[in-house]
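These notes concern the structure reproduced below.
None of the figures in this text is laboratory data; all of them are computed from the coordinates on show. Everything numeric in this text was worked out from a predicted model, so none of it was measured. Backbone-built Cβ (ideal geometry, glycine too); neighbour counts: all protein chains shown.
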Amino acid sequence: MQHNQHPSSTREVHRRRRIVRRPDGALQKSIAYDPAALALIDRLCRQLQAENITYCHWKSNNMIHRSASGENDLDLLIRRSDGTRFEALLHRLGFKPARAAAEKHMPGVLDYFGYDEESG
């Protein structure tokens with residue numbers, strides 16, 4: 001495990017990449033179980049795995065630690081057939097839908113905000 005510190009933060013960021021094989025045989029990259037990850041992101045990732053929702057981290061893979069710690073947005077690509085279950089999971093975890101400005105809206109892209117109570 002590497003320990004890095006982001007220059008704009010005093011929070012220590014622990015980066016750990018892990019590949020796991022799902023029960024259906026697919027490989028999945030995991031960003032959960034990182035002590036520096038926000039509890040909300042950790043719960044989200046654990047539930048995605050528990051509910052067999054197929055996903056991958058979609059952009060900025062070299063900055064995934066910033067997404068896990070809440071310093072950056074978290075872009076996930078969800079299997080289309082898992083979309084309804086994914087949205088229900090976000091709702092259960094307290095995420096709120098957001099609307100991009102009309103000129104920035106992209107078809108098939110949904111935006112949500114999540115509030116991590118533990119970190120404030």
Practice problem: Return the distance in nm (one decimal) between the two label points of a simple spin-label model at TRP58 and HIS91, each offset 7 Å from Cα along Cα→Cβ. | Solution: 2.0 nm
Exercise. Can you pull the one-decimal nm distance between simple spin-label points at GLU51 and HIS105, each 7 Å off the Cα toward Cβ?
Key: 2.5 nm
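Going by average Cβ neighbours within 10 Å, how do the peptides 38-50, 101-113 rank, with the highest at the top?
Working: 38-50: 17.5, 101-113: 9.2.
With the highest mean Cβ count within 10 Å placed first, the list reads 38-50, 101-113.
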Exercise. In nm, give the distance between the simple-model label positions of LEU27 and SER81, each being 7 Å from the Cα along the Cα-to-Cβ direction.
Key: 2.2 nm
